[in-house]
Amino acid sequence: MSARGLGPVRSTLGWLEERAGLGGAIAPALDHPVPRSTASWWYVFGSATLALFVLQVVTGICLALVYVPSAEGAYQSLLYLNFQAPFGWFLRAVHFWGSNAMVAVMTLHMIQVFLWGAHKYPRELTWIVGVFLFLCTLGMAFTGQILRWDQDAYWGLGIGASIASRAPGVGDALVSLLLGGPIIAGRTLSRFFAVHVFLVPGILIGMIGLHIWLVLRIGINEWPMPGRVVTRETYRQRYEEEVHKDGVSFFPYAARKDMVACGVVVLAVVLCAVLFGPFGPHGVPDPTLIDTAPKPDFYFLALYALFALLPPWTETVVILVGPVLAIGALFLVPFIAGTGEKSWKRRPVAVLGVLVIVLTVTTLAGLGVAVPWSPQMEAWTAAATPVRYVKGRTPLELQGALVLQNKQCRTCHSLGGGGGRRGPALDGIATRQTRDQLIRQVLQGGGNMPAYGKNLSPAEVNALVAFMGTLRP
Amino acid sequence: MTPPSQSRRGFLFRLGIGLNVLGAALVGIPVVGYIFGPARRRTDGQSWIGLGPIGAFPAGETRLATYENPVRVPWDGATAKIACWVRHIKGERFQVFAVNCAHLGCPVRWFAQSRLFMCPCHGGAYYEDGSRASGPPPRGLFEYEYRVRDGALWVRGGQLPTLSRPV
Ligand code: FES
């Protein structure tokens, strides 16, 4: 376009600027000098999280145009969104994949700023607000899962209520507060809707504003150099010097990479949405349909696995004290290590801590996917007895094979790879236990196995043990 | 002569604060009551619910029964329905269990062949009398109070059974 063609645009902008003055207010924020070292690909996760948040707000508002926040109508309205509303499936898919991406990218952001020492003086408050943002985002993830009002949502609420009920003294009141009544029903969904759509997003928007304000006011964390120790006396002055000597203006020098990253994450979400489509809703939220194995979305899989693996007697303590300690530790990080070395190269404990946490959470989540502790409820009718275990066996032993099948031992024990993994696999059991040990184990149970004494006739036990005696590699 | 006008300004300022505090309290107290209302312990959540004639539950067997939640709102939809396991021991002796696992509330399933209740979530197992057999549950299944009247089975229910409020 020629310079003359731009004339009307320019005069309109000029008119607006004269009255609103927004350009004058924003320009310093855009041009503010930042250390050249921060124009790095490692520094893009924060902006990418923000882009995903905007995406969630836009798609969320669109979904709310159709979604019915009532226990009676929610499920139907989700099906309507999936199959009838034009692009409803797409918006649901983007909102779902966007939420996953937001939790993931935000976690990366948190790990990055921690390893780069950005929580240290004078950015403690920025970190604390960030922890709030992280918790609010997880809150959005959980409440969003509930709005998907299907079987997983219903039983997920049951799990949430059961956890809350363990709080000493106030457990009962907490459950009712959470559910909006004595039981999971209509009022529960309305509560979660209000929290997910008004309360937490409102808090998030305010906190994001504060977070960004703090970043602008204190400046982006410079690239940490080993040996350049942070002290309260010298840090700010040194930072100012570095920025003046070797700074670049944030826009466009540092912002270019942020813009690319924002575009990439949004496109990745759109790609996932198109490839994999919307998630759920799964079964109808009818509490009388109990043939269901509820499972949380990925961000809570690690917790879900933890609940299966904790020894029962530690559980209440861990459930009650664990979150307090974990969240408390996050808030305290800048006060425990608020000065000193910033580079991860000189902070072995910090690096090790991050590694341990990441490995623990991913291992637990992996177990949460595999669910080795879950009984295989269909194995007794669906899993075949391997041919080599029935060939050439006596009638008594064959009878025992039937007992093993019919008494549903394979719900927890696998044979030839088929069946549950809660108990040990029975292949080769004859080499590990004697006949007497087997009988005792079957009759009395123990070590996580129920006792079958009342449930098996002596003849059945005899046949079962005879069969197991043939299970050798 | 500033004193009178200054005291008037001071008065207006205090009046402004006072009125706003009053307004905040008048709105705030009901808001708090509204939000925390459900947390107040009330016993009216529990009531007697008919599960039908006992003939529907053969002696020696354990069957799933369903009922409509007594405390309900018209928009509860399918969630107004609740399930429970009825074990008819013999005669007028029953056990009625909540489907909610005592561990974290997942729905337990009954397996007549192995005479166990099993939980799909973390693998808790219970014997047929509801006592804990294995896995993470800290106790046996939650049991409803029941009553047999005029050949019909009644249970007392209406709230989500949890550790701090076992039925
Ligand atoms: S909820 Fe049943 S074992 Fe965890």
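Of the residues B:P70, B:P166, only one is modelled with pLDDT under 90, more than 27 Å from A:K407 (Cβ to Cβ) and within 16 Å of the ligand (Cβ to nearest atom); which?
Working: B:P70 fails: within 16 Å of the ligand (Cβ to nearest atom).
Exactly one of B:P70, B:P166 is modelled with pLDDT under 90, more than 27 Å from A:K407 (Cβ to Cβ) and within 16 Å of the ligand (Cβ to nearest atom), namely B:P166.
Screening A:K454 against (1) within 13 Å of chain B (Cβ to nearest Cβ); (2) part of a loop (DSSP other than H, G, I, E, B) leaves a single unmet condition, (2). Has the stretch B:142-160 got at least one residue that is aliphatic (A, V, I, L, M), within 13 Å of the ligand (Cβ to nearest atom) and buried (at least 24 other Cβ atoms within 10 Å of the Cβ)? Looking for residues that are aliphatic (A, V, I, L, M), within 13 Å of the ligand (Cβ to nearest atom) and buried (at least 24 other Cβ atoms within 10 Å of the Cβ), one finds none in the stretch B:142-160, hence no.
Residues checked against (1) within 22 Å of B:A125 (Cβ to Cβ); (2) within 11 Å of chain B (Cβ to nearest Cβ):
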{"site": "A:V361", "(1), (2)": "no, no"}
{"site": "A:G392", "(1), (2)": "no, no"}
{"site": "A:Q399", "(1), (2)": "no, no"}
{"site": "A:Q408", "(1), (2)": "yes, yes"}
{"site": "A:H413", "(1), (2)": "yes, no"}
{"site": "A:T431", "(1), (2)": "no, no"}
{"site": "A:G447", "(1), (2)": "yes, yes"}
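Quick one: is B:G105 over 23 Å from A:E378 (Cα atoms) and either within 16 Å of the ligand (Cβ to nearest atom) or in contact with a helix residue (DSSP H, G or I) (Cβ under 8 Å, 6 or more places away or on another chain) (or both)? Quick ask: steps written out before the conclusion?
Details: over 23 Å from A:E378 (Cα atoms): no; either within 16 Å of the ligand (Cβ to nearest atom) or in contact with a helix residue (DSSP H, G or I) (Cβ under 8 Å, 6 or more places away or on another chain) (or both): yes.
When the stated conditions are applied, B:G105 does not pass them.
For the stretch A:4-13, indicate whether the set of residues that are without any contact (Cβ under 8 Å) to a residue 12 or more places away in the chain and charged (D, E, K, R) is non-empty. Full working, then the answer.
Pass one, the stretch A:4-13, residues without any contact (Cβ under 8 Å) to a residue 12 or more places away in the chain: A:4-13.
After this cut, where a residue has to be charged (D, E, K, R) as well, the list is A:4, A:10.
For the stretch A:4-13, residues without any contact (Cβ under 8 Å) to a residue 12 or more places away in the chain and charged (D, E, K, R): present.
Comparison of A:F335, A:F276 shows that the only residue that is away from the ligand (no atom under 16 Å from the Cβ) and over 30 Å from A:R228 (Cα atoms) is A:F276. Checking A:F331, A:F335, A:F300 one by one, the residue that is of a type in the set (A, V, I, L, M, F, W, C), modelled with pLDDT under 90 and under 30 Å from A:A118 (Cα atoms) is A:F300 and no other. Tell me, which residue of the stretch B:122-140 that is more than 7 Å from chain A (Cβ to nearest Cβ) and not in a loop (DSSP other than H, G, I, E, B) is surrounded by the most Cβ atoms within 10 Å (Cβ to Cβ)? In this case the residue turns out to be B:Y126. If a residue must be away from the ligand (no atom under 16 Å from the Cβ) and within 7 Å of chain B (Cβ to nearest Cβ), how many such residues does the stretch A:152-173 contain? Of the residues in the stretch A:152-173, 3 are away from the ligand (no atom under 16 Å from the Cβ) and within 7 Å of chain B (Cβ to nearest Cβ). With respect to (1) away from the ligand (no atom under 16 Å from the Cβ); (2) within 21 Å of A:K407 (Cα to Cα); (3) facing chain A (nearest Cβ under 10 Å), the lone exception for B:W75 is condition (2). Considering the stretch B:1-115, the qualifying strands (runs of 3 or more DSSP E), each wholly inside and each with 2 or more residues that are more than 22 Å from the chain's Cα centre (by Cα), without any contact (Cβ under 8 Å) to a residue 60 or more places away in the chain and over 26 Å from A:Y75 (Cβ atoms), run over B:81-90.
Suppose the filter is assigned to a loop (DSSP other than H, G, I, E, B), of a type outside the set (S, T, Y) and either out of contact with any Asp or Glu (no Cβ under 9 Å at 6 or more places or on another chain) or in contact (Cβ under 8 Å) with a residue 12 or more places away in the chain (or both); does A:A153 pass it? Working first, answer last.
Numbers: assigned to a loop (DSSP other than H, G, I, E, B): no; of a type outside the set (S, T, Y): yes; either out of contact with any Asp or Glu (no Cβ under 9 Å at 6 or more places or on another chain) or in contact (Cβ under 8 Å) with a residue 12 or more places away in the chain (or both): yes.
Answer is no for this residue.
Mind checking whether some residue in the stretch A:310-331 is in a loop (DSSP other than H, G, I, E, B), surrounded by 14 or more Cβ atoms within 10 Å (Cβ to Cβ), in contact (Cβ under 8 Å) with a residue 60 or more places away in the chain and touching a helix residue (DSSP H, G or I) at 6+ places or on another chain (Cβ under 6 Å)? No. Take A:A401 and tell me if it is at pLDDT below 90 and surrounded by 20 or more Cβ atoms within 10 Å (Cβ to Cβ). It is false that A:A401 is at pLDDT below 90 and surrounded by 20 or more Cβ atoms within 10 Å (Cβ to Cβ). Taken over the stretch A:297-310, the criterion of being more than 12 Å from the ligand (Cβ to nearest atom) and not hydrophobic (A, V, I, L, M, F, W, C) is satisfied by A:D297, A:Y299. Kindly provide the set of residues from the stretch A:282-313 that are at the interface with another protein chain (Cβ under 10 Å from one of its Cβ atoms) and aromatic (F, W, Y), ordered by number. Those that are at the interface with another protein chain (Cβ under 10 Å from one of its Cβ atoms) and aromatic (F, W, Y): A:Y304, A:F307, A:W313. Residue-level check: of (1) basic (K, R); (2) without any contact (Cβ under 8 Å) to a residue 24 or more places away in the chain; (3) touching a strand residue (DSSP E or B) at 6+ places or on another chain (Cβ under 6 Å); (4) more than 9 Å from every other protein chain (Cβ to nearest Cβ), B:R147 misses just (2). The helices (runs of 4 or more DSSP H) falling completely within the stretch A:1-101 that include 3 or more residues that are among the hydrophobic types (A, V, I, L, M, F, W, C) and under 30 Å from A:L210 (Cα atoms) map to A:7-20, A:22-31, A:45-64. Selection within the stretch B:86-121: residues that are among the polar types (S, T, N, Q) and surrounded by fewer than 19 Cβ atoms within 10 Å (Cβ to Cβ). The member of this set that is nearest to the other protein chains (Cβ to nearest Cβ) is B:Q113.
In the set A:V361, A:V371, which member is surrounded by 15 or more Cβ atoms within 10 Å (Cβ to Cβ), modelled with pLDDT under 90 and within 30 Å of A:H109 (Cα to Cα)? I'd like the intermediate steps shown before the answer.
Numbers: A:V361 fails: modelled with pLDDT under 90.
Within the list A:V361, A:V371, the selection yields A:V371.
Per the listing A:G227, A:G219, A:G181, A:G247, the residue uniquely within 14 Å of another protein chain (Cβ to nearest Cβ) and either touching a Gly at 6+ places or on another chain (Cβ under 8 Å) or under 25 Å from A:E341 (Cα atoms) (or both) is A:G181.
The values are calculated or read from the model by the stated rules, or taken from the named source; none is laboratory data. Just so you know, these numbers come straight off a predicted model, no measurement behind them. Glycine gets a Cβ as well: all are built from the backbone with ideal geometry, and neighbour counts include every protein chain shown.
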